[in-house]
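Before any comments, here is the structure.
The values are calculated or read from the model by the stated rules, or taken from the named source; none is laboratory data. Remember, predicted model here, so these are calculated numbers, not experimental data. Methodologically, a virtual Cβ is constructed for each residue, glycine included, from the backbone with ideal geometry; neighbour enumeration extends over all protein chains shown.
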Amino acid sequence: MTALTQLSLVQMQAGLANKEFSAVELAQAHLDAMAANRHLNAFITETPELALAQAAQVDAGTRTGPLAGIPLGIKDLFCTDGVQTTAGSLILKGFVPQYESRVSANLLRDGAVFLGKLNMDEFAMGSSNETSAYGRVISPWHAAGSNADLVPGGSSGGSAAAVAARLCAGATGTDTGGSIRQPAAFVGIVGIKPTYGRASRWGTIAFASSLDQAGPMARTVTDCAHLLTSMCGFDPLDSTSLDVPVPDFAAGLTGSMQGKRVGIPAEYRLDGMDPEIAALWDAGIAWLEAAGAQIVPISLPHTKYALPTYYIVAPAEASSNLARYDGVRYGQRVLPPGGNVQDMYAATRAAGFGKEVQRRIMIGTYVLSAGFYDAYYTQAQKVRALIARDFEAAFKRCDVLLTPTAPSPAFAFGAKADPIAMYLNDVFTVPASLAGLPAMSVPGGLSASGLPLGLQIIGRPLDEIGVLNAGLAIERAAGFTAQP
Ligand code: GLN
């Protein structure tokens, strides 16, 4: 029999339904894989007792639902009732929420089994998982003929590494500027960020509230569709939650692109683009055309302003959101001897926040300061509107957009020591985030060095089905079966 950890989520559902194996056996197989792969550092907290107890309930028939018995990992940005939640930060070390985030609660409601909390860049700030206070996550992949450790991408790098290494059937991720799509691309899995407002932000630790969206990461498009259906839904506790019905995303999948128009944005073809990435993009265009799509050249003229806009808006919101970590209400407190409350704030935040988080707080505070607010923040909001308008115009002429997910395959630790070089890795993912659009990454193939490369599909607001369907067409054509 194939190892249980090799099955897709859909195959696990079938095997459980046919009693080919029990939920406890399935959970145990994944717990064993986690134990054998601790060097990846994918989990911050493992919850084996909880997982086995939940699986036993599935076997006893007292825990049911569409995801009954499916072993999942949860990014450590989602508050989990009774289980430490750190956001990858020292400042939240030991923080045990007394409530469950809406997204993880939805998955539990549907019968999922939680294996533990996945490592991530601190407060979801990063593209490589090098900023976690709990140590970096190592990708299960290596370049051909090399032993050098590679980054799994970020910020959902623990989720990406765990799914790719078969430590869980799927995982939750969050995407503010690419943190589901870029790590999915780096490790050869699928990840989708739904339309802003589809998945509740309630109980998910905030980074940049106008951008943050949760979404699933899994090994197939169909697996992602099942998880997405469970994770989404209106939530009155999130003021930006969309009160619209959630379709059964998996039921809507056909993989046919007949009658669909696929836009190819000229501005994403960067000067000096890696030829392998350009070749993969061309292959993706040919695959969608072969699946019946009409290819339409598109222009998104404000694309070049997306990165600078994102790196003003996101730090601005982060500086405000992170003001709550003051040593009074959550997690760590550092009280210098004889210090007053101001000294405590300063000492707590200096000790609790890592360098990248401090950098973002300083940038954010600067762009929101009275003297610079109009020059930076107001201007960024205006440009953000123009970027959204570019997409609106494009979607009059096409149904989905196809682009590469990232400008390179996974890189080595320390390769992007300069923060600007790191930020540039988000060039293809941030525009859809600024516009609040659904976007996904699907594996397209391997680089010459044997590393996964991803293709990105961006869709109209609320057209996750259109995005997933184009993803399925690529998945079928690419036939990506490579494993770390
Ligand atoms: N890499 C981007 C950043 O560092 C995106 C992070 C994210 O989507 N959470 O802000």
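Is it the case that segment 296-319 has a residue that's free of Cβ contacts under 8 Å to residues at least 40 places away in the same chain and outside any helix (DSSP H, G or I)? Within segment 296-319, one or more residues are free of Cβ contacts under 8 Å to residues at least 40 places away in the same chain and outside any helix (DSSP H, G or I). Restricting attention to segment 44-63, the residues being touching a residue at least 40 places away in the same chain (Cβ under 8 Å), out of contact with any helix residue (DSSP H, G or I) (no Cβ under 8 Å at 6 or more places or on another chain) and not hydroxyl-bearing (S, T, Y) number 1.
Determine whether segment 173-187 contains at least one residue that is more than 8 Å from the chain's Cα centre (by Cα) and surrounded by fewer than 24 Cβ atoms within 10 Å (Cβ to Cβ). Within segment 173-187, not a single residue is more than 8 Å from the chain's Cα centre (by Cα) and surrounded by fewer than 24 Cβ atoms within 10 Å (Cβ to Cβ). The set of residues from segment 144-156 being within 12 Å of the ligand (Cβ to nearest atom) and free of Cβ contacts under 8 Å to residues at least 40 places away in the same chain comprises just one member, G154. Condition check: under 17 Å from the mean Cα position of the chain (by Cα) and either under 26 Å from P97 (Cα atoms) or within 9 Å of the ligand (Cβ to nearest atom) (or both). Does V137 satisfy that? So V137 passes the test. Going residue by residue through segment 435-442, is there one that turns out to be buried (at least 17 other Cβ atoms within 10 Å of the Cβ) and on the phi > 0 side of the Ramachandran plot? Taking every residue of segment 435-442 in turn, at least one turns out to be buried (at least 17 other Cβ atoms within 10 Å of the Cβ) and on the phi > 0 side of the Ramachandran plot. In segment 402-409, is there at least one residue being more than 17 Å from S155 (Cβ to Cβ) and of a type in the set (A, V, I, L, M, F, W, C)? Yes, some residue in segment 402-409 is more than 17 Å from S155 (Cβ to Cβ) and of a type in the set (A, V, I, L, M, F, W, C). Cβ-Cβ contacts under 9 Å between residues 6 or more apart (or on different chains), taken from a first residue in segment 163-191 that is under 14 Å from M440 (Cα atoms) and part of a helix (DSSP H, G or I) to a second residue that is of a type in the set (K, R) and more than 7 Å from the ligand (Cβ to nearest atom), are listed as R181/K193.
I'm trying to understand the selection: among the residues of segment 80-91, which are in contact (Cβ under 8 Å) with a residue 40 or more places away in the chain and crowded, with 24+ Cβ neighbours inside 10 Å? Passing the criteria: T85, T86, A87, G88, S89, I91.
For segment 164-183, give me each residue that is small (G, A, S), more than 12 Å from the ligand (Cβ to nearest atom) and touching a strand residue (DSSP E or B) at 6+ places or on another chain (Cβ under 6 Å). Break it down stepwise before answering.
At the first step, the residues of segment 164-183 found to be small (G, A, S) are 164-165, 169-171, 173, 177-179.
Checking which are more than 12 Å from the ligand (Cβ to nearest atom) leaves us with 164-165, 169-171.
Across segment 164-183, the qualifying residues are A169, G170, A171.
Might you let me know whether segment 118-129 holds any residue that is hydrophobic (A, V, I, L, M, F, W, C) and away from the ligand (no atom under 16 Å from the Cβ)?
Taking every residue of segment 118-129 in turn, none turns out to be hydrophobic (A, V, I, L, M, F, W, C) and away from the ligand (no atom under 16 Å from the Cβ).
Against the list (1) over 22 Å from G94 (Cα atoms); (2) in a loop (DSSP other than H, G, I, E, B), the condition G331 fails is (1).
Looking at A421, A393, just one residue is surrounded by fewer than 20 Cβ atoms within 10 Å (Cβ to Cβ) and closer than 30 Å to N147 by Cα, and that residue is A421.
Looking at the structure I just gave you, is D271 more than 22 Å from G173 (Cα to Cα), among the acidic types (D, E) and in a loop (DSSP other than H, G, I, E, B)?
Details: more than 22 Å from G173 (Cα to Cα): yes; among the acidic types (D, E): yes; in a loop (DSSP other than H, G, I, E, B): yes.
Yes, satisfied.
Return the residues of segment 467-484 that are among the small types (G, A, S) and farther than 15 Å from E289 by Cα; say none if nothing qualifies. The answer is G479, A482. Would a scan of segment 100-113 turn up a residue that is within 13 Å of the ligand (Cβ to nearest atom) and either in contact (Cβ under 8 Å) with a residue 60 or more places away in the chain or assigned to a loop (DSSP other than H, G, I, E, B) (or both)? No - not one qualifying residue is present in segment 100-113. Annotation: of all residues in segment 188-209 being within 13 Å of the ligand (Cβ to nearest atom) and out of contact with any strand residue (DSSP E or B) (no Cβ under 6 Å at 6 or more places or on another chain), the one that is nearest to T86 (Cα to Cα) is I205.
K304 meets the conditions (1) surrounded by fewer than 20 Cβ atoms within 10 Å (Cβ to Cβ); (2) at pLDDT 95 or above; (3) more than 30 Å from M257 (Cβ to Cβ) in every case but one. The failed one is (3).
Taking the residues in segment 136-164 that are among the β-branched types (V, I, T) and crowded, with 24+ Cβ neighbours inside 10 Å as candidates, determine which candidate is farthest from K416 (Cα to Cα).
Residues of segment 136-164 that are among the β-branched types (V, I, T), as a first pass: 137-138, 151, 163.
Applying the additional criterion that residues be crowded, with 24+ Cβ neighbours inside 10 Å yields 137, 151, 163.
Working: V137: 16, V151: 11, V163: 24 Å.
It comes out as V163.
Looking across segment 13-25, the residues that are closer than 15 Å to R63 by Cβ and either touching a strand residue (DSSP E or B) at 6+ places or on another chain (Cβ under 9 Å) or hydrophobic (A, V, I, L, M, F, W, C) (or both) come down to L16, A17, A23, V24. Counting only helices (runs of 4 or more DSSP H) that fall entirely inside segment 363-463 and contain at least 3 residues that are small (G, A, S) and more than 16 Å from the ligand (Cβ to nearest atom), the qualifying elements are 379-394.
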